[in-house]
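The values are calculated or read from the model by the stated rules, or taken from the named source; none is laboratory data. In this text the structure is predicted, and so the values were computed from the model without any measurement. A quick note on method: Cβ atoms are made from the backbone with ideal geometry, for glycine too, and the neighbour counts reach across all protein chains shown. For accessibility, only protein heavy atoms count, side chains too; no ligands or nucleic acids. Shrake-Rupley method; radii C 1.70, N 1.55, O 1.52, S 1.80 Å.
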Amino acid sequence: MKSMNATIRFLAAGAILSAFAEIGAPAPALAQSGAFSCDQLWRERNAIYARAGHCFQTTRGRSAFGGGCFPPYGRLSGAEARRVRQLQSLERRNGC
């Protein structure tokens, strides 16, 4: 139950952050403060690619998101690309 609650909180936070990215607003301070783990940041970043049909080649990517891919094969919209860059910056800042 505790694990499910953590998952729900993480998914809700990701949805909120995605909404901020969609409208071009800066993300809330929580996401910028390093409050998310490297794994959470990796999962959120790669979930964006998975929703866009990216073909994952790594074992980790395939385990998390499956091996199927579809058009547009990982091509991101402007808001998605901005969010990915933001997540990558957070990953670098956190030493991931």
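Considering only region 39-59, state which residues are within 14 Å of Cys96 (Cβ to Cβ) and surrounded by 13 or more Cβ atoms within 10 Å (Cβ to Cβ). First the steps, then the outcome.
First pass over region 39-59, keeping only residues within 14 Å of Cys96 (Cβ to Cβ): 39-46.
Across region 39-59, the qualifying residues are Gln40, Leu41, Trp42, Arg43, Glu44, Arg45, Asn46.
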First in region 79-96 and within 15 Å of Ala47 (Cβ to Cβ), second anywhere and among the aromatic types (Phe, Trp, Tyr) and assigned to a helix (DSSP H, G or I), Cβ under 9 Å, 6 or more apart:
Glu80/Tyr49; Arg83/Phe20; Val84/Tyr49; Leu87/Trp42; Glu91/Trp42
Filtering region 75-90 for residues that are more than 17 Å from Cys55 (Cα to Cα) and open to solvent by less than 20 Å² (accessible area, probe 1.4 Å) leaves a count of 4
